[in-house]
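Data block below; observations after.
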Amino acid sequence: MSYRCPVCSKVSSTVMDLARHIIGQADKVDRDGIDAKGLRFSELITMQFRSFGGEGHKAQAEVLEKDTKIRD
């Protein structure tokens, strides 16, 4: 199963890889996309810095799992 970025259409092999891509881009379009999903970009970044284990990526990955899945 693969996952497609809703902004730039980059295809990732895992949902965690897609979450890293979107947070790593950090441009206005990606930030707005995160906010539209009910998450706050600033909160995800804060979670990344304050905790171990990629909590910000995990939170975003849970939301992305449903909406970005594509069939291979």
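Numbers for the structure displayed
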read-out: Among residues of region 35-61, those that are surrounded by fewer than 12 Cβ atoms within 10 Å (Cβ to Cβ) and either of a type in the set (Gly, Ala, Ser) or in contact with a strand residue (DSSP E or B) (Cβ under 8 Å, 6 or more places away or on another chain) (or both), counted; value: 5
read-out: Listing of helices (runs of 4 or more DSSP H) fully contained in the chain that carry 1 or more residues being touching a Phe, Trp or Tyr at 6+ places or on another chain (Cβ under 7 Å); value: 15-25, 28-36, 55-67
read-out: Residue that is farthest from the chain's Cα centre (by Cα), among those in region 46-72 that are of a type in the set (Val, Ile, Thr) and modelled with pLDDT under 80; value: 70
read-out: Residue check for residue 30: surrounded by 12 or more Cβ atoms within 10 Å (Cβ to Cβ) and under 12 Å from residue 3 (Cβ atoms); value: no
read-out: Output for region 1-16, where each listed residue is surrounded by fewer than 16 Cβ atoms within 10 Å (Cβ to Cβ), free of Cβ contacts under 8 Å to residues at least 40 places away in the same chain and in contact with a strand residue (DSSP E or B) (Cβ under 8 Å, 6 or more places away or on another chain); value: 10, 13, 14
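The values are calculated or read from the model by the stated rules, or taken from the named source; none is laboratory data. Remember, predicted model here, so these are calculated numbers, not experimental data. As a convention, Cβ positions derive from the backbone with ideal geometry for all residues, glycine included, and neighbour counts pool all protein chains shown.
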